[in-house]
Amino acid sequence: MATAMPQARSANIARPLPGRRFDHVFFPCMALLILATVFVGFARTYYLAGLFQAPLPSPVIHLHGAAFSCWILLLVAQTSLVSARRLDIHRRLGIAGFLLACVMVVLGVWAGTDSLVRSRAAGAGARFFYIVALSDMLIFATLVALAFRERLNPPAHKRLILVATTALIVAAVARWPFALVLGNAFVSALFTYFFLILLASYDLWSMRKVHPATIWASVFLIGVQWIRVPIGRTAAWHAFAGWVQAMAR
C-alpha cells in the first residue's frame, strides 16, 4: 500500500501543456497553407498568366491582385521571422503591413465598385456580389485593426491576423479547379472554415481551451458572412447598390 500511494499520486499529476512551444511551427505552416490555397485558386488566371500581363478586366483589379498577393507573402515572411526570433524585423515590417492593409481595404472597395460598374446589366447578381466585396473588407479591416491594437499581446495578435486573412481567401477557393467549389461561393466559404477549425484545434491541443481571440474573431467572420446573404437580397440593398452603380458610372 505504501508503494502504491506515490504511484497513484504521480499518475494524477497533470502533464505539462505544450503551450506556445509549437507556435513557431504551427503559424508558419498555416501561412504556407494559405499561400498554397491562394496560388491554386489564381494560378490559371493570374499567377501563371504573367501577373500584370494577365488578361484582367481593369487596372484596379491588377492593383488589387498585387496588393493582396503582397499581404499573403508578408504573412509568410512575418510568421517565419517570429520563428527565427527576429522580432526586431518583424515589428518594423508590422508597421508596413498595417499600412498595406489600409491600402488593401481601399483597393478592395474600389475593385468591388469597379466590378459593379462594369456589369452592364443592372442585374441582381452583380448587386448582391457587391455586399460580398464590402463585407469582406469590413471583416478584414476590423480584425486587422484589432490585431494592431493587440500587437503587444502576441497570442491574440497572431490569431486575429490569421482569421482576418481567412476572410480574403473565399475568392481563391471559389476558383479551385474542382467542380465542388468552382464558382460556388457558399461551398467555398465553408471550405475556408477549415482554417478556423485548424486554429481552434491547435488551441485545444496546446492550451486545453480555445483562445478568446480565436473564438470572437471566428464568430465575427462567420456572422458577417452569413448575415450578408439575407441583407444582400433585400430591396434596400439593391437600391443602394444601384445608386452606387449609377453614381460611379
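The values are calculated or read from the model by the stated rules, or taken from the named source; none is laboratory data. Just so it is clear, the structure is predicted and the values come from calculations on it, not from any experiment. In this analysis, Cβ positions are derived from the backbone assuming ideal geometry, glycine residues included, and neighbour counts consider all displayed protein chains.
What the table shows:
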read-out	value
Condition check for V163: among the β-branched types (V, I, T) and farther than 30 Å from S119 by Cβ	yes
Selection within the stretch 52-89 - out of contact with any His (no Cβ under 7 Å at 6 or more places or on another chain), without any contact (Cβ under 8 Å) to a residue 60 or more places away in the chain and assigned to a loop (DSSP other than H, G, I, E, B)	A54, P55, A84, R85, R86
Where a residue in the stretch 229-240 is among the charged types (D, E, K, R) and its partner, wherever it lies, is modelled with pLDDT under 90 and assigned to a helix (DSSP H, G or I), with Cβ under 7 Å and at least six apart	R233/F128
Count of the stretch 44-74 residues which are within 20 Å of the chain's Cα centre (by Cα) and either of a type in the set (D, E, K, R) or farther than 30 Å from H157 by Cα (or both)	1
Candidate set: the stretch 165-196, residues that are within 9 Å of the chain's Cα centre (by Cα) and without any contact (Cβ under 8 Å) to a residue 60 or more places away in the chain; chosen: the one farthest from V25 (Cα to Cα)	V170
Candidates S201, S119, S115, S206, filtered to the one that is modelled with pLDDT under 95, under 30 Å from H24 (Cα atoms) and among the polar types (S, T, N, Q)	S206
Unmet requirement for R175, which otherwise passes all of (1) modelled with pLDDT of 95 or more; (2) in contact with a Phe, Trp or Tyr (Cβ under 8 Å, 6 or more places away or on another chain); (3) of a type in the set (D, E, K, R)	(1)
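Okay, residues lined up against (1) over 30 Å from M247 (Cα atoms); (2) surrounded by fewer than 18 Cβ atoms within 10 Å (Cβ to Cβ):
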site	(1), (2)
R149	yes, yes
P154	yes, yes
L160	yes, no
A174	no, no
L190	yes, yes
Y193	yes, yes
S201	yes, yes
